[in-house]
Structure formats: structure tokens, C-alpha cells
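Here the structure comes first, spelled out in C-alpha cells, and everything after it is commentary.
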């Protein structure tokens, strides 16, 4: 049950786009279309931003989008805003368990 | 109001036990699978366990298998996590939540500290 691999940090200026990658294996990310992405602000509970690779829960802005190619999933945030600064975690179903990535800190410059 | 409220956290000695509870309100608890996720201080999210809607099927992370037990009481709208043989590396905020899907809800978390 190894954690998924994410970059430790990414940054972008307001209005720009950033992409966060999430690399797993054929047993998790590559094997199922059940990758999700969470946003977590300091001291707060995580919030689901994307599920099933590219689906957005109600209320999540369409600036957030998800995709997957092989064993790597991606979260793209377009039109960066100051409030997007947070930690982002990917997660994948893996048959009999779920696994998270190590998290990526997004800094809005 | 749709919410999950965890309770039962605290300070426990290594080798001790603790039972966490998660009270659900504002939605049909019995219709949803539920999970526990933990986060050690300053660290990332770690999936702990999941239970299906009627409690007949459970899943565990290898790190807690054989020590933790997830259960639920749909009549009381409550999810539980029985934690035995606790170790220092179990120290974390424990969140109850719905698994990823169209309906997403998380509790505020309860802190568990394992220390002598």
C-alpha cells in the first residue's frame, strides 16, 4: 500500500494555470477510474474537488479539472485565485483499499 | 444541517485502546459507505478504513489491520473506530468522511495522541 507520488510544491501567479501530477501504478491509478482530488486549507478538513478522475461535486468551480493518462493523474487549476493556495492531495481506489498521495503545496505568488 | 461530528479522541498510553465515534445528521446515513482518514501533525492524509452502508463489508490499511475495527450503528446514525494496541505512530487527527463521490462530507476531526 504505497503512497501515490505528487510534487511537494507548485506555484503560479493569479490568473495563470497550474497542473499537479499524481503518479501511481497499474494497481491503483492506472487500474481504476476512481482518482479523486482534495483541497485542504491549514487547520481545516479536506474538501473534495474532483472524483472519478474528472467529475466535479456540486459547488466546485469549473476552474478545477481532472484527467488521467496511464498511471498518472493530473489536477489542473486555471485562472488561479488567492484562495486556491492550499495543500492538494490525490487519492485512488486500489481494489481492497484506498491510497493518498503525499500532498502538494500550491502557492499563489 | 448536514454534518459529521467526531468524538472520543484524547491522550492514551502505548498499547492502550480508544474508541472514536462519528455522529451523522442531516442526511440518510444508512445509505452511504463511510471511511476514516487520519493525518499526523504536519503530515499528509492517510486512508485508514472503510465500511459499506449496512456494515457487512470492511476494509483496512495494512498499518492498522488486526488492531483497528470499524463499525456502524445505522439506528443511531453513528460510525465507530475501535483502536487497540495503539502505537506512537498512530498519533494523528482522525477524520470520518464519505468516500469520494457526488456527496462529500467530512467531520472536523478528533485528535488522538499516543504517548507515555
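The values are calculated or read from the model by the stated rules, or taken from the named source; none is laboratory data. The structure presented is a predicted model; accordingly, all values stated were derived computationally and were not measured. So basically every Cβ, Gly included, is an ideal-geometry build from the backbone, and we count neighbours across all protein chains shown.
Examine the range A:67-83 for a residue that is more than 22 Å from residue B:105 (Cα to Cα), touching a strand residue (DSSP E or B) at 6+ places or on another chain (Cβ under 9 Å), in a loop (DSSP other than H, G, I, E, B) and at pLDDT below 95, and state whether such a residue exists. Scanning the range A:67-83 turns up no residue that is more than 22 Å from residue B:105 (Cα to Cα), touching a strand residue (DSSP E or B) at 6+ places or on another chain (Cβ under 9 Å), in a loop (DSSP other than H, G, I, E, B) and at pLDDT below 95. For the range B:35-61, a residue qualifies if it is under 15 Å from the mean Cα position of the chain (by Cα), within 30 Å of residue A:9 (Cα to Cα) and not in a strand (DSSP E or B), and the qualifying residues are B:40, B:61. Would you call residue A:106 in contact with a helix residue (DSSP H, G or I) (Cβ under 8 Å, 6 or more places away or on another chain) and surrounded by 18 or more Cβ atoms within 10 Å (Cβ to Cβ)? When the stated conditions are applied, residue A:106 passes them.
Tell me the residue from B:114, B:64 that is closer than 14 Å to residue B:18 by Cβ and either within 12 Å of chain A (Cβ to nearest Cβ) or under 11 Å from the mean Cα position of the chain (by Cα) (or both), please. Full working, then the answer.
Working: B:114 fails: either within 12 Å of chain A (Cβ to nearest Cβ) or under 11 Å from the mean Cα position of the chain (by Cα) (or both).
Going through B:114, B:64 in turn, the sole match is B:64.
Checked against (1) farther than 30 Å from residue B:111 by Cβ; (2) assigned to a loop (DSSP other than H, G, I, E, B); (3) at pLDDT 95 or above; (4) within 13 Å of chain B (Cβ to nearest Cβ), residue A:44 meets all criteria but (1). Note on the range A:94-103: among residues that are touching a residue at least 12 places away in the same chain (Cβ under 8 Å) and surrounded by 20 or more Cβ atoms within 10 Å (Cβ to Cβ), the one that is farthest from residue A:33 (Cα to Cα) is A:103. Residues in the range A:47-61 that are in contact with a strand residue (DSSP E or B) (Cβ under 7 Å, 6 or more places away or on another chain), under 22 Å from residue B:107 (Cα atoms) and either at pLDDT below 95 or assigned to a loop (DSSP other than H, G, I, E, B) (or both): A:56, A:57, A:60.
For residues that are assigned to a loop (DSSP other than H, G, I, E, B), surrounded by 14 or more Cβ atoms within 10 Å (Cβ to Cβ) and over 14 Å from the mean Cα position of the chain (by Cα), tally how many sit in the range B:17-34.
Of the residues in the range B:17-34, the ones assigned to a loop (DSSP other than H, G, I, E, B) are B:17, B:26-28, B:32-33.
Pick out the ones that are also surrounded by 14 or more Cβ atoms within 10 Å (Cβ to Cβ) and you get B:27, B:32-33.
Checking the rest, the ones that are also over 14 Å from the mean Cα position of the chain (by Cα) come to B:27, B:32.
Within the range B:17-34, residues that are assigned to a loop (DSSP other than H, G, I, E, B), surrounded by 14 or more Cβ atoms within 10 Å (Cβ to Cβ) and over 14 Å from the mean Cα position of the chain (by Cα) number 2.
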